[in-house]
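Single-structure report; data block below.
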Amino acid sequence: MGKKILLEHINVPGIKSLDVYRQNGGYASVEKALKTMAPDVIVEEVKKSGLRGRGGAGFPTGMKWSFLAKPEGVERYLVVNADESEPGTFKDRYLMEKIPHILLEGMITSSFALGAKTSCIYIRGEYFYVSRILEAAIEEAYAAGLLGKNILGTNFSHDIFVQVGAGAYICGEETALLESLEGKRGNPRIKPPFPAVAGLYGCPTVVNNVETIASVPYIVMNGGDDYAKIGIGRSTGTKLISASGHINKPGVYEIEMGITVEDFIYSEEYCGGILNGKKLKAVVAGGSSVPILPAELILRTEKGEPRLMSYESLSDGGFATGTMLGSGGFMVYDETTSIVKNLYTFARFYHHESCGQCSPCREGTGWMEKILHRIVEGHGKHGDTDLLWDIQRKIEGNTICPLGDAAAWPVASAIRHFRAEFEEYINHPERIKEFKHLQELVS
Amino acid sequence: MAKVTIDGESIEVPDGTTILQAARMIGGDNVPPAMCYHSKLKTSGGYCRTCIVKVSKGSEKDPRPMPKLVPSCRTTVMDGMEVQNNTSAEVLEARRGVVEFLLINHPLDCPVCDQAGECHLQDLGYENGAAKTRYDFPRRKFNMIDIGPNIKMHMTRCIMCFRCVKTADQITDNRVHGMLFRGDASEISTYIEKAIINDFSGNMIDVCPVGALTDKTFRFKSRVWFTKPMDAHRDCKKCSGKVALWEKGNEVLRVTSRKDKWGESEEWICNECRFDKKDIKDWVIEGPRHIDRHSVISLNHYENVVAKLKIDIAKQQKQIVDKK
């Protein structure tokens, strides 16, 4: 069994309530941080821990915190990004639903480290029932003196608000999230300035993922060095993986970074192998926007080394033969899957979620969806694959926010690794109802 | 002060200048095209992505190149920065991509569009577009709506530059319109087709780079290149009263703000000057207006033809000399 940090007490009955949570060592970090540590020391510990943003980009959290501007007399904010909308990712929901206090504990400790008097949880609209769980937990924390004025008798006062979004994927982008939080339309801002300088209401703001903040209590209690010992290389600590698709045991797993992908898919502890004993065809390792990889490349890197569940190993080989850990939305496809149909689903999603501000994403996502729709319906034209390739290339990197990249990468990787399947759809539309020949194409 | 080099030409500019502004100071052919940036509007730019450039050297202190192409209208220069615009194949290709994206849902109804001839998208398409479209799906369509008594909005032609939204936001008291919906279904609109009524709403027509917002007092009266632009002024209590008149014979067909070299309004004018003063007696004519833009309006200007001839002859002479 690997080490558990976030989900250690997940099976304790009643862990949702403050009392049970405290009996299991909860809120100790708040006590330790507020009474014995200086804010800068906590930031230093987080830096030492090597904790990286769990929302997808994997930016070092300690560094992000140290970028926070600290002008005199200006409020600072911590915003927790709970707008978990990436298809295939459901780890934050699980965490907040089962053990909401770990997030609140992390928020209080982190806010103390950052000097923020107010923090917000921006949660996606579809998680309205989770927002109620969080609100109940916040109420408990206020009643126990863990929130509000002079927490635990110290000078530190803190308030937490929960804001429910209206269900837009784009609001998971940090600047769009801040716009939405301010009550405006959730359009990404043009950077710079970055939120660390001018974020919520123009004040310095740190935006972190739920899982990132929930990892902070452990770091405060055990020290950054201890956290850095878990995991492998620069991928320290544990990561929540939401596994879905054609596997025997879909669900949320906490893994120590550095276990092999093969282990993760086939071992009984985690996914438990492919459903119905079928063969593995492809894996999307980190939520729908990361490149899809065929079985041989996800299990082994191009150099023939076993691929590990870590930031570095998964991105080994760049986009040509690698992918990204992303948000940890691990989607497994067996041999019966049509990659083209799957891609069409993704493309439809990105088309629907594009905000419409900048031209390449607004027009390009719709165009790609239309072409893929045509291919899937059996009306594909010769040259459509090349056209798709060209469109994605012109979107990637040319947009305001990463949604353009997120829409382009799945298309690029599917064509890169499964081009034959696209050609099959286009050249033999009459055969696409039978999946048999698609399996042959893979083997 | 910061020294910036764009396509090999250097200039010293004050700190906080954007790459686009610096390029415009240098002038010439290396100025990136811009659709959504407007020098008189704050926070404009960054949306259309036509002005993207490559920063091959970040600054003297940190010479690393920027990892992605950047919008020149929203990126400020650093001392020692080196920028590639027309000299970078990557930039030109990306720009062709952007132009293609802007055009796939544009109706290309130039023959019946009042903006034709002074349309930024037309110019952009001529310079950076392909001759043939690769888009073979039905194009996006919207119904035309009237916003206010004098402005027609033809959303089908819109390229979402947000200039009109920012104009209404910044030069009038209340924000009256914005963007509805999302992605390629998004549209500029008022709240349930409310009229936009204020004294300066007409400026939205001038800032629109395409024919999405047109002047109802001028619609279908004449092609712009058949009208004569004249500088004129009058005493106006609301605005500076300095306008450009577009005449045909002795008739004033249209009144607009005076636009600079880049097609951007120099001063805002009020609706009274724009829509109501269509009599030549209302105005003091200063003389013919010089149009810098290379679009078809200026085609019938002798000065341009002569100037272009001179350049062509010089070029040919140079070629002959080079050959020898």
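Each reported figure results from applying straightforward, stated rules to the coordinates on display, with no laboratory input. Bear in mind that the values here come from a model prediction, so they are computed numbers and not experimental data. Heads up, the Cβs are rebuilt from the backbone with ideal geometry, glycines too, and the neighbour counts pull from every protein chain shown.
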Item to check | Given (1) within 14 Å of another protein chain (Cβ to nearest Cβ); (2) of a type in the set (Asp, Glu); (3) in contact with a Leu (Cβ under 7 Å, 6 or more places away or on another chain), number of the condition A:ASP334 does not satisfy | outcome: (1)
Next on the checklist: Anything in the stretch A:341-367 that is touching a residue at least 12 places away in the same chain (Cβ under 8 Å), assigned to a helix (DSSP H, G or I), hydroxyl-bearing (Ser, Thr, Tyr) and within 8 Å of chain B (Cβ to nearest Cβ)? List them, or say none.
Outcome noted: A:THR365
Checklist entry - Within the bounds of the stretch A:81-91, is there any residue that is in a helix (DSSP H, G or I) and either out of contact with any Ser or Thr (no Cβ under 7 Å at 6 or more places or on another chain) or touching a residue at least 40 places away in the same chain (Cβ under 8 Å) (or both)? => result yes
Item to check | Subset tally (residues that are touching a Pro at 6+ places or on another chain (Cβ under 8 Å), closer than 21 Å to B:CYS36 by Cα and among the charged types (D, E, K, R)) for the stretch B:130-180 | outcome: 2
Checklist entry - closer than 20 Å to A:CYS120 by Cβ and surrounded by 23 or more Cβ atoms within 10 Å (Cβ to Cβ) - does that describe any residue in the stretch A:67-76? => result no
Checklist entry - For the stretch B:126-171, what are the residues that are touching a helix residue (DSSP H, G or I) at 6+ places or on another chain (Cβ under 6 Å), assigned to a helix (DSSP H, G or I) and within 14 Å of chain A (Cβ to nearest Cβ)? => result B:ASN128, B:ARG163
Checklist entry - Are any residues in the stretch B:119-140 buried (at least 22 other Cβ atoms within 10 Å of the Cβ) and over 23 Å from A:THR399 (Cα atoms), and if so, which ones? => result B:CYS119
Next on the checklist: Just to verify a result, which residue in the stretch B:248-266, among those that are under 22 Å from the mean Cα position of the chain (by Cα) and more than 29 Å from B:GLN21 (Cβ to Cβ), is surrounded by the fewest Cβ atoms within 10 Å (Cβ to Cβ)?
Outcome noted: B:LEU253
Next on the checklist: Considering only residues that are assigned to a helix (DSSP H, G or I), farther than 30 Å from B:MET66 by Cα and of a type in the set (Gly, Ala, Ser), which ones fall in the stretch A:140-192?
Outcome noted: A:ALA141, A:ALA143, A:GLY153
Item to check | Residue that is nearest to the other protein chains (Cβ to nearest Cβ) [pool: residues in the stretch A:403-427 that are surrounded by fewer than 19 Cβ atoms within 10 Å (Cβ to Cβ) and of a type outside the set (S, T, N, Q)] | outcome: A:ASP405
Next on the checklist: Among the residues of the stretch A:42-60, are any within 18 Å of A:ASN209 (Cβ to Cβ), of a type in the set (Phe, Trp, Tyr), in contact with a strand residue (DSSP E or B) (Cβ under 9 Å, 6 or more places away or on another chain) and assigned to a loop (DSSP other than H, G, I, E, B)?
Outcome noted: yes
Checklist outcome for this item: B:ILE19: passes all of (1) in contact with a helix residue (DSSP H, G or I) (Cβ under 8 Å, 6 or more places away or on another chain); (2) within 22 Å of B:LYS261 (Cβ to Cβ); (3) of a type in the set (Val, Ile, Thr); (4) within 14 Å of chain A (Cβ to nearest Cβ) but (1)
Checklist entry - Can you tell me how many residues in the stretch A:350-374 are more than 14 Å from A:ASP390 (Cα to Cα) and aromatic (Phe, Trp, Tyr)? => result 1
Checklist entry - Looking at the stretch A:61-73, is at least one residue in contact (Cβ under 8 Å) with a residue 60 or more places away in the chain and of a type in the set (Asp, Glu)? => result no
Next on the checklist: So, A:LEU181, is that one farther than 29 Å from B:ARG182 by Cα, crowded, with 19+ Cβ neighbours inside 10 Å and touching a Leu at 6+ places or on another chain (Cβ under 8 Å) or not?
Outcome noted: no
